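For reference, the structure discussed in these notes is given below.
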Amino acid sequence: MPLPDMVEIASGPISARFAPRWGGRLTHLIHAELGDILVPTHETDFDPWNWPKAGAYPLFPYHNRVAGAAFCHLGKGYTILPHPALAGDAMHGPAHRRVWRIEEKATDGATLRLDYEADTEWPFSFTAWQTFILNDQGLSLRLKLLNRADRPAPAVIGWHPYIQASLDDKAHTDATAAYPLDPLSMPIGSVPCHRDDETIPASSGYTLHFRNWSKAELVRGKAKIVISADPIFGHIAVHRTERYLCLEPVSAAAGVLGLPESERQASGLVMLAPGENLSGDIKMSITSIKHGEPS
């Protein structure tokens, strides 16, 4: 049976659309009063190596860069397919470039599933799920990754939303630690520095990596958008441009596969035995600020 090109769910003032063939993407998230919450996806074709900077997509089984598209795992070296535009580095895992399918569908929710077979982009087979549920207050998302390989596999889960925002919109996160970064905006080492200022800078073209957070918030006109997540998502990546703010809950530090193996667990990397899974919930609260209410 052919996969649907687009799937839609709704609850109260909030509606969402998905394109399973486009890497299991959430292409639109709309509030009846507040408008587009995510940058809407207008593309008519999907290039898996030049993906739309819109909507939201899943991060399995790693996020951000793998330097040199190579890593060592349990003493064995692995080489994976690099991104063609990143000077030999791999990026964001293969799941968001593959065809997903709808496993379950209701009026207010949907579960998307990917059965991934080991190949040149990742050497460990896995199954991944995204379960979305809408309510009047926003969106709940459960991510789950099951190791289907016949040996232990490294695992990271995360989510990459493009929240529609200008540089005039105020944002902050209560994260208490920030990683020093190299020229490619990747963490240097495994130990972050203490952070006092909760402000997310109102400038363009940067990426920051934080840990030890409980929420990240954007105030955009009358809209207050708050991201929170289960403790498994101990890290959050922040990327900002003139038209969007990415608040990305992730379960491990960026570049974790480049750390010495003895340091990876402390930076969030999970080792899944065959048949084990890693899962966690993310919430996006969407509320309207009333006149006179502090933002």
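Summary of values
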| read-out | value |
| --- | --- |
| Qualifying lysines (Cα of each under 30 Å from Cα of Lys76; at least 8 residues distant if same chain) | Lys144 |
| Per-pair calculated FRET efficiency, R0 = 41 Å: Arg151 and Thr207 via Cβ, rounded to 0.05 | 0.80 |
| Residues His96, His172 arranged by fewest to most Cβ contacts within 10 Å | His172, His96 |
| Loop-located chymotrypsin sites (Phe, Trp or Tyr not before Pro) in segment 167-215 whose Cβ has at most 10 other Cβ within 10 Å (DSSP) | none |
| For segment 145-155, 3J(HN,Hα) per residue [Karplus equation, 6.51 cos²θ - 1.76 cosθ + 1.60, θ = phi - 60°, Hz, x = Gly/Pro] | 10, 10, 7, 9, 6, 8, 8, x, 10, x, 9 |
| Sum of -39500 (n - 2.57) over DSSP H runs of 4+, divided by residues of the chain (222 nm, nearest 500) | 0 deg cm²/dmol |
| Normalised alpha carbon radius of gyration of segment 161-268 [divisor 2.2 N^0.38 Å] | 1.05 |
| Full-stretch length increase - Thr44, Val99 - with 0.36 nm per residue and alpha-carbon distance subtracted | 18.2 nm |
| Too-long pairs where the Cα-Cα distance tops 24 Å, listed order kept, from Lys53/Lys283; Lys215/Lys290; Lys53/Lys105 | Lys53/Lys105 |
| Relative exposure of Tyr62, Tyr57, Tyr78, judged by other C-beta atoms within 10 Å (fewest first) | Tyr78, Tyr57, Tyr62 |
| Under 5 Å, built H, 5+ apart or other chain: amide partners of Gly280 | Leu143 |
| Potential lengthening between Ala87 and Ala106 on full extension [0.36 nm per residue; Cα-Cα distance subtracted] | 2.6 nm |
| Size of charge dipole - the chain - debye, nearest 20, with Cβ of Lys, Arg +1 and Asp, Glu -1, no other charges | 140 |
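Laboratory data are not the source of any read-out in this text; all were calculated from the coordinates shown. Keep in mind the model is a prediction, meaning the values are calculated, not measured. Cβ coordinates were reconstructed from backbone atoms using ideal geometry, including for glycine residues, and neighbour counts include every protein chain displayed.
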